[in-house]
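Chemist: Quick one: structure below, then a few questions.
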Amino acid sequence: MTLSSLLPPLTPARELVQSLQDDGFAVVSAQDVAQIAHVDLNQLLNLTQFWEGLPRDPYLKDGGRYRFRRHSSFEVKGQSLAKVPHRAHWQSVDYNALHGGIERWFEPSQAELTSNPTWHALLLGLTHILDGVKQVNTWFIEAHQFRIDTTDGIGRPTPEGAHRDGVDFVAVFLINRVDVKGGETRIFSATGSTGLRFTLTEPWSLLLMNDEKMIHESTPIQPLGQYGYRDTLVLTFRSNGFQDSPNSSQQ
């Protein structure tokens, strides 16, 4: 497998659809993310406040205390976005061998975030891009706010290892990174032998992936001093309904 250590290879907003079709991924600057959402970059940066005070993830099977998160779900039909009632996050063990097969009820995203016009503009802007790759009737979106910190001396953004998510597309935004080293993003072709590694450092820069084509992971973080953390937003887009347990209490 070929791995090259590079600064993120940025894709201009106008080339996103072609890049997703040809390469299976694109890395987007924060300024171009703002362009996609038709907002000012400062409006996106204003959302960063909602990553403070996230509840600790109670489901980590490695016993770690380093992950904090909130979760929310949405449906987009055309230019209409609707927040759906709070629901569990569920993944098959085929996609998450560590935490798959169980319903994980995380605390919901803050209402002040999910009702924010900039949040709506961001989700609708991304679905507009994805419509150019795959035409669907409804996009089923799950949003995950993450903070990985160094409470345990090391924090693992992807404790499950390199994986796919069982969706159509995955968007990973770097929200902030403070006093840490590591957190390198690694992406691999699901069918080939090539890969790429880079470190997202710009707040609100984005890695957008075709989940059928790409496998991804992030390396652990360590503090540069006594304490550090890395905040991300992960959005998943699925065209055939939310992933639910066969015995789901949500059905």
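The values are calculated or read from the model by the stated rules, or taken from the named source; none is laboratory data. All of these numbers come straight from a predicted model, not from anything done at the bench. Cβ placement follows ideal geometry from the backbone for every residue including glycine, while neighbour counts extend to all protein chains displayed. What goes into the accessible areas is simple: the full protein's heavy atoms, side chains included, and nothing from ligands, DNA or RNA. Shrake-Rupley method; radii C 1.70, N 1.55, O 1.52, S 1.80 Å.
Chemist: With unit charges on the beta carbon (Lys/Arg positive, Asp/Glu negative), name the residue among H163, L196, Q222 whose Cα is farthest towards the positive pole of the charge dipole of the chain.
Modeler: Projecting each Cα onto the dipole axis, the largest value belongs to Q222.
Chemist: 222 nm [θ] for the chain, helices only, -39500 (n - 2.57) per DSSP H run of 4+, per residue, to 500?
Modeler: Rounded to the nearest 500, the figure is -4500 deg cm²/dmol.
Chemist: Within the chain, how many Lys pairs sit with Cα atoms under 29 Å apart, leaving out pairs fewer than 8 places apart on the same chain?
Modeler: Lysine pairs meeting both conditions in the chain amount to 8.
Chemist: Give me the tail of P(r) for the stretch 146-196 as a percent: Cα-Cα pairs with distance above 13 Å.
Modeler: 70
Chemist: Another one. For the chain, I need the span (max minus min coordinate) of the C-alpha atoms along each principal axis, in Å, sorted largest to smallest.
Modeler: Cα extents, longest axis first: 46, 43, 39 Å.
Chemist: Averaging sequence separations of C-alpha pairs under 8 Å and six or more residues apart, then dividing by the length of the chain, give the relative contact order as a whole percent.
Modeler: That works out to 27 percent.
Chemist: While we're on this one: Where does the charge balance sit around A26 when Lys and Arg score +1, Asp and Glu -1, over other residues with C-beta under 14 Å from its C-beta?
Modeler: -3
Chemist: When you count, for each residue, the other Cβ atoms within 10 Å and take the mean per peptide, how do 13-19, 111-117 rank with the highest first?
Modeler: So the order, starting with the most tightly packed, is 13-19, 111-117.
Chemist: May I pose another question? Calculate the FRET efficiency for S80 and Q21 from the Cβ-Cβ distance with a Förster distance of 25 Å, rounded to the nearest 0.05.
Modeler: 0.45
Chemist: Next question. If you roll a 1.4 Å probe over the chain with all protein chains in place, what percent of the accessible area is carbon or sulfur?
Modeler: That fraction is 48 percent.
Chemist: If you don't mind, another one. Using a 1.4 Å probe, what is the accessible area per residue for the chain, in Å²?
Modeler: Ligands and nucleic acids excluded, the figure is 43 Å² per residue.
Chemist: Testing the spin-label approximation: label points 7 Å from Cα along Cα→Cβ at T151 and L45. State their distance in nm.
Modeler: 2.9
Chemist: Quick check: the distance between the Cα centres of the stretch 29-44 and the stretch 107-132, to the nearest angstrom?
Modeler: Answer, in whole Å: 12.
Chemist: Now for a separate question. May I ask which residue of I154, V133, A26 lies farthest towards the positive end of the charge dipole of the chain, with charges of +1 (Lys, Arg) and -1 (Asp, Glu) on Cβ and the Cα centre as origin?
Modeler: Value computed over the given set: I154.
Chemist: Give the dimensionless ratio obtained when the Cα radius of gyration of the stretch 125-251 is divided by 2.2 N^0.38 Å.
Modeler: Here the Cα radius of gyration is 1.14 times the empirical estimate.
Chemist: Tell me, in nm to one decimal, what length is gained between L224 and D131 on full extension, where the rule is 0.36 nm per residue of separation less the Cα-Cα distance?
Modeler: Extending this stretch completely gives an extra 29.4 nm.
Chemist: Counting Lys and Arg as +1 and Asp and Glu as -1, each charge on the Cβ, what is the dipole of the chain about the Cα centre in debye, to the nearest 20?
Modeler: That gives a dipole near 300 debye.
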